[in-house]
Structures are given as C-alpha cells and as structure tokens.
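Structure first, then comments.
None of the figures in this text is laboratory data; all of them are computed from the coordinates on show. The shown structure was predicted, so the numbers you read here are calculated from the model rather than taken from an experiment. In this analysis, Cβ positions are derived from the backbone assuming ideal geometry, glycine residues included, and neighbour counts consider all displayed protein chains.
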Amino acid sequence: MLRWRLLLMVMAGMTTARNVSQPDVNPQCEGLPECEEPWLIHVVATGNNDSIHHLWGIHGAPSFLVVTTSLDTGLNVTWTDFIKFSPLSVTFDEKPIHIFGFSIPNLILFDDTDDSGTLDNSTEPYIVVPMTNFYWEIKEVFNESTRESAVLMETTKFQDKPLPMETKISFQIAAYGLEGRSTVLPHLLRTPNSAQFDMVLDHLVLNLNTTDDEILMEVKETTDISGFKKARWAMDLIIFSSEPLNEEEKGIEFSTEKSLDDENTPGVFHLDQITTKLARTTKQGGYMQWRPVSYLSSDRDINLSTDPNIDGNFTSLTEISIALEESLAYAVFGDKLESAMTAQTKVSFGQKKDKFYAAKTTPHGLLALDMDRHQRKLSPRW
Amino acid sequence: MEKSTGSHDSSLEEEREVTPSTDVNGVTEHHEDGPTEQEGEEVVLTGCGASACCNPQRGLYRFIGLLFMCFLSFGSYFCYDTPGALQDHIKEDMEVNTTQFASLYSLYSWPNVVLCFIGGFLIDRIFGIRWGTIIFSSLVTLGQFIYSLGGIVDQFWLMQFGRFVFGIGGESLAVAQNIYTVSWFKGKELNTVFGLLLSMARVGSTVNFLTMIPIYNWVNNFADGYRTLGISLMLAGITCVFSLACAIILGLLDKRRSEVLRLDSAKSGEKVRLSDVLSFPLSFWLLSIICVSYYVAIFPFIGLAKVFFMRKFDLDDTTSNAVSSIVYIISAFASPLMGFVVDRTGRNILWVFIAVIFSLGCHAMLTFTFINPFIPMSILGLAYSLLASALWPMVSLIIPEHQLGTAYGIMLAGLIVDKKGYLVLEIFYMVWLCAALASTALIAVVDSNGGGYLLKSPAQREKEIKASEGEENSSL
C-alpha cells in the first residue's frame, strides 16, 4: 500500500474560521443518467468576507480545485455541456478572485532497473495509464460537523472491467473550516482555507502487457508486474492557477525546507511545497505542501515507507491531453488552461533499496497532499 | 558494553585492583587479588619450554598472553553493535519497527544487570577462570549463531533469543577478562593493560560499524532480504569463533603459567554480600545515578543513531555508520590519554562534570542544528572517554548500572522514535544528561562535606594520607 498525503490551499487574507457545507455530489444535476455516477463534488467553506469553493472532479483527469470568490457567490454547472467535456461548463456567479488546483492525468508504470526510485527522460521502458481508464464510486461521505467535510472515492473498474476486490486507487479529500493538524500521519497542518488530499494505491498490480480481457485484471503474487521486474509507479501532475502570468517570471515553483522538528512526522525532517508567484510575493496565492514520505502500510509506520520524488524542474502546459480535456480543470478554465499559469511535472514513488515497495511484491501506496490558499509560517508549527 | 577498565587514580589503585563479586550464598570471603604461590620445588624449564615465548617467567610470555587477552572480547564487542550498524536493514528485512529493533539491545542489557554479580561467583566457585572464560565465550558464539539463524529463517523471535544468549555470555566474559588481567599484570603494568583492553573494546565496535555494511552489500550479490541479513551476521560471528579460539589458547597459556610459577588459579577477589547494599554510602548511589543516566544517552543513542543521521542529515548508510563509529574510534585512542590526565590531576568529579556538560552540548548540537554530525560525535567521543576514565576509578565495585541505563534506555528510545520522532528522543537523552549533571554536582557537595577526597589532586590526597598515617602513629 502506497500512501501520500498533500495539503492544497490558497491564501485569502486573515485565516478566520469557516463554516463548511456538506459535500454536494453532482450539484444541480437532474434528469440525466450521468447524474448517477460521480462527476463533481462541491463543498463551500464560508468565511466572514469570502467563500472558498472546493471542487473535486473525478472524471477524466481527477482534478482538485480551491476557488476563492466573494461571499454568496454561487456555482453554476451546465450539465449537458459538462458531460460532453465542453470548456467553461462550470462557472460562478461572479468571476472568482483566485483559482488554484491540480490534476492527475496519468499514472505511469516504469521499470526502475537502476533502483533510483525516480522517473526521468532516460527511464525505459514505461507504460502510461491514463486516468480516464478508471471508473470511480463514492464510498463514503463524512460530514459530522460544520468545520470539516470529506469524501472517500475508490476505483471500481479499469477499462470497463471490474477490478479485483483488493486492487484499487482511493482518494480521500477533506475541506476544513478550522486551523489544526491532521490526526493521521503525516499530521499535516491545515487551515480554514485548505483541503487535504490522500491518495492510496492499494495492491495496484495491473497486467498492462496483454490484450486478453480475461487476464488483464489478474493480480499476480510475483515480483513481475506487467513484465517489469523492478516496477514502480509514478504519475503526471499538473498544477494550475488563475494568477496572471508574466512570461519572464517563474509562476509556479517547487521548494523544500528542512526542519529540526520531526515530532509530527517521526523520522521526516523535510517539508516540500509548491507555491504560486502571489504566494511568494504577497502571501496571497496558491500553496501545496506535503511531507516527502509515502507509507507502505496502513499503520503508516516510518520503518515501512518510501519517498515521493517530484521533479522540481517544472514545465508549462503546452498541450491539453484527452484526459485533461475530460477533466474538471478544463471545464473551469477551458482553452485558457494552456495559457494560464501552469506547471507540469512527474511524481515517482520509491527510493534506493526499498525493495520496490514491499518485500513480498505487490506494490501499493498513498499520496497525501495539503492544499491551502493561505501561506503559513512553516516553523515551528510543522 | 562497558567495564571498569581504563586509567585509574593511582591512590585508589590498591582498592581498585580488588574486583569483587557478590557471593550469592551470602558468604563473605576475602582473597588477595591474583593467584598465590604454592610451596614446593621450583620448576626448571628446558629446551623449547625455556625459550622466551614459552617461558612464563619471561616478559614475552606475558606479552603473548596479553595479545590473546586483547582479542578475548573482540568478537563480543564487534557483534554487540551489529544491530546498530544494520539498523535500517534489520527493520526492512525483518519488518520490525524501532521499538522491536531496540529489543536486540535491551535483551542483551537486562540479563547483565544481575549477571555481573553472578559472573565472578561462577568463575570462582563453579568453573574456574579457564573453563569459565571458554564457557562464556562459547555462549557469546552460540548466541551470535542463533541470532544469525533467526535472520536466515526470518524469525525475529529467534534473533531476540540469540541476543539474550549472547548477553548471558558477554558481560561475564568481560569479568573473566578482568580476572585474567589482574592475575597476569597485577603490580606491573595493570593500568596500561586496562587502558589497552578498553581501547581494544572500542576497536571492535568501530570495526563493526565500518565493515558490516560492506559485508551486507557483498552478501546481497548472492542472497536477498532476510537471508542477506542472516548470512552477514553469521560472517560477523567469525569474530566470536576467533575470540573463542583465543580463550582456549589463553586457558592453555594460563595453565602452563600456573604450573611453572606454581600459582593457584586466579580468582575474582574480594566478595561483597548482597546485603552490603544496604550500607552503601550516598556517594555510591549518586554514582549509580550518574552511571544510569549518562549511559542512557550513549549506547541507546549509538544504537539508533545511524537512521537518525540518514534521515536528518541526509547521509548515506555507509557514512552514517562511520559517524556512529566516531565515538568508539576516538575512545580507542583517547581513553588511555584521558586516563593519564585524570591520573595526573585527580579531581575525578570535576572531570565527570566536564564530560557530562560536553556530552549535553553534543546532543544539543545534534538536536537543534544541522551542523555536520561528525563534529558533535567527535566531541562526544572525547567526553565519553573522559567520563569513563574519571568515573570508573571512583567505583570500587562492579556496577551494572551502565547496563541498566542501556537496558531501559534503548527500550524507551525505540518507542520514542516511532511515536514522537528524533527531536523528542534527543530531548529525552538531554534530560537524562541533566540528571547526571545534577547528580555530579550533588556528589561534589557530599564529597566536600566529607573532606573533598574526590575533588583533590593526587598530591593533596597523598599529603592527606601521610597526615592521617602520622596521626595514627602518634596515637599508637
């Protein structure tokens, strides 16, 4: 099991408590058969001066957005356009103050023959698995208070075929209305302007080197995954923001910081983050933060963990792939996504001598990200 | 592992040469340290037996015996720290957490909290020095074999059992080594030999940290996972077999020496009843607190340090092991030097205080800075050497408190790392060092109220002894 947690947030002035609404699955969707499957989840965190709309889209490239609007601004979804992957089919009553988010268009399975744990341009062979191949369902909705809302989504099918019981990808996304710290490792800090994202690759063994439908989903208890003896997982990651982009300047950047304190995440002294230009200059912008650790067991033992390795050399988005075109990000940005402040990169999971996730083979993993729209002082509150 | 070797205050030499053990049957006996001569005809050696290397009456024979004595515990010291050198591999290959890993140290230490008292008794009453040494060395070898086997068959409980057996033999072997040393070198080069033996102990630990990863990587070419681990530990066990061979040879040399010089078998010396504990002075208990609290911050720390250096300072596993071994490397050279300094200057408590302060500073550097860990670890090596040289001469009994400190220190340390991380662990060590510092200050106060013997220089102590002798003569 590979687990990674990430914080996604945006900055919006003072960090005051917010009331967080219940997750609204497919808001305003009526009379269409597509309303039966999850397309869009909407959570609103209402503050004193503004609202933060958390939009979680699971169709196409899973996309997770934090949208800041003026108070009482509503969300509008033109479902007949949205299900046809039309641009700008998701809008707001007023132009948002700020949008920040990320998409995962593809998973990548690669053969890490030199056991470096990283995927780069020279790595071969590899197989790109578009996220459009997966079908999802909402397993659980959490809304026990007005300060927190969460949703757990899991894959059910791959290429129209059901996945075996123990094979799945799951996302858990939560929006918060209060400052605090997550109760599960890596205990990321959160604010009323943030959402936390957990990704789990659970026993994800897919036989991708066959066209035989019957054995495509076969889960093998071997070290050989799709013909790769040293298989590792990676993913494409696209980050985007509505901030104006000046071509001479760096828009979205990656940085890592070191701390003396590992109390909240035992054994991990680093904190990785992605920031937009506004976040770096005015403390008002988009912000992603995570601990560079991927746990390999459900009890999140540091002794059974590996590294999420991000390629810090970001490039701008130059082409909208099919997966991205079918995503929530495209529905919100439209064709402007290509010219917006974007960054694309790859995140691979592994480190030297980690025995390729598990001593006994089947790799699984988790991704945990925290997304916020307020920049926090990182120390000593890590 | 620690034992009461290293330089000593010369004025305490007579007292210190007595290395008592507790007679568990409650009988107090007093023995002159070392073997006694038997009456009878002098043995005349001829031929090869009269040559320098075979004649116990010649210095070369004692030197050869010293050589085997030095390597008597080499295997034990080498293998003691194999968990520390292979910490990350043990946790990965055996799929255990830090708390479970730490049990590989605590299972060694816990039995030795009491075995130190019994070891001397077993040698004196049951086995004799020669067979006792061979038996304890065999236990060390057997324990290492069982521990390795646990790795090969992927059974962590077997590894733990092996460490327990290893521990039963380990410290008793150190007692036996002490007895041999006193027996062969009493009244001659005893201080120097003790210092040399302590240095050899540190060499064994150092070699472990520097070689186990290369051995593991080499074995990994033809094995995998826990088998690699088990085979690597089995190869480490060769040092125990070598030490066992030294024990057998030393036994033969000692037998010949006893026959030629017509000596009784060496004994452990003055015995102390367990009930005597009730009458120990306050200074003894304060010294025990210092022992416990100081060693909590040393051996458990070194046992867990490798992964700490890898995670916080981004060192690779080979470099991390090298940093861990620095304390021992420095101690190997610094212990005799520090012992010499303490011998010349006295004032043991002051040196203990300074050593604890510096140790506290080193842990603070490791906790609150990202300074290259070579620096604080090097200073810690010097401080540790100074403490051992200054502390042990103040202790006239075999004190197992350092084992107690290691035993529960490592258990708690493992739990703290898993739950709260390395920052909290370092603060844990610093708290104990503060306790050692407070106890040192208190013992200075107690001692000064009683005349201030431990704070005096050798010249002052000698003057005091002469003055008291003069008073005794005049009263007679």
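Under a crude label model (7 Å from the Cα following the beta-carbon direction), how far is A:N19 from B:I427 in nanometres?
Calculated label separation equals 3.9 nm.
Show me the ranking of peptides B:330-338, A:190-198 by mean Cβ neighbours inside 10 Å, starting with the highest. Show your work: numbers first, answer last.
On the way: B:330-338: 21.8, A:190-198: 27.8.
Those peptides, ordered most packed to least, come out A:190-198, B:330-338.
List the residues, sorted by chain then number, that are 5 or more residues from A:N193 or on another chain and whose placed amide H is less than 5 Å from its amide H.
Under 5 Å from the amide H of A:N193: A:R373.
Take the residue pairs A:K139/A:K336; A:K250/A:K336; A:K258/A:K346; A:K168/A:K277 and return only those whose Cα atoms are more than 27 Å apart.
On the way: A:K139/A:K336 33 Å; A:K250/A:K336 18 Å; A:K258/A:K346 22 Å; A:K168/A:K277 36 Å.
The answer is A:K139/A:K336; A:K168/A:K277.
Among A:V66, B:V424, B:V165, what is the fewest-to-most ranking by other Cβ atoms within 10 Å?
Values: A:V66 30, B:V424 16, B:V165 21.
Ascending Cβ contact count within 10 Å gives the list B:V424, B:V165, A:V66.
In whole Hz and in residue order, list the ³J(HN,Hα) couplings for the stretch B:214-219 that follow from phi through the Karplus curve 6.51 cos²θ - 1.76 cosθ + 1.60, θ = phi - 60°; x for Gly and Pro.
x, 5, 4, 5, 5, 4
Using label points projected 7 Å from each Cα along Cα→Cβ, tell me how many nm separate B:I249 and A:D120, to one decimal.
5.2 nm
Too long at a 22 Å Cα-Cα cut-off: which of A:K230/A:K352; A:K157/A:K229; B:K312/B:K419; B:K91/B:K419? Can you show the working numbers first?
Numbers: A:K230/A:K352 12 Å; A:K157/A:K229 25 Å; B:K312/B:K419 16 Å; B:K91/B:K419 16 Å.
Where the Cα-Cα span goes over 22 Å, the pairs concerned are A:K157/A:K229.
Of the options B:G339, B:I302, B:Y422, report the single residue whose Cα projects farthest towards the positive end of the charge dipole of the stretch B:279-459 (beta-carbon charges: Lys, Arg +1; Asp, Glu -1).
The listed residue farthest towards the positive side: B:G339.
Give me the one-decimal nm value for the distance between modelled label points at A:Q28 and B:I371, 7 Å along each residue's Cα-to-Cβ direction.
Taking the two extended label points, one gets 6.2 nm.
Take the Cβ-Cβ distance between B:E464 and B:I126 as r, set R0 to 35 Å, and report the resulting FRET efficiency rounded to the nearest 0.05.
Details: r = 42 Å, r/R0 = 1.19.
For B:E464 and B:I126, the calculated efficiency is 0.25.
When ranked by the protection proxy of mean other Cβ atoms within 10 Å per residue, highest first, what sequence do the peptides A:323-331, B:151-159, B:217-225 form? Kindly include the intermediate steps, with their values, before the conclusion.
Values: A:323-331: 26.0, B:151-159: 18.3, B:217-225: 14.3.
Final packing ranking: A:323-331, B:151-159, B:217-225.
Ranked from highest to lowest mean number of other Cβ atoms within 10 Å per residue, what is the order of the peptides B:444-450, A:68-74? Write out the running numbers ahead of the final one.
Details: B:444-450: 14.1, A:68-74: 16.4.
Result, highest mean first: A:68-74, B:444-450.
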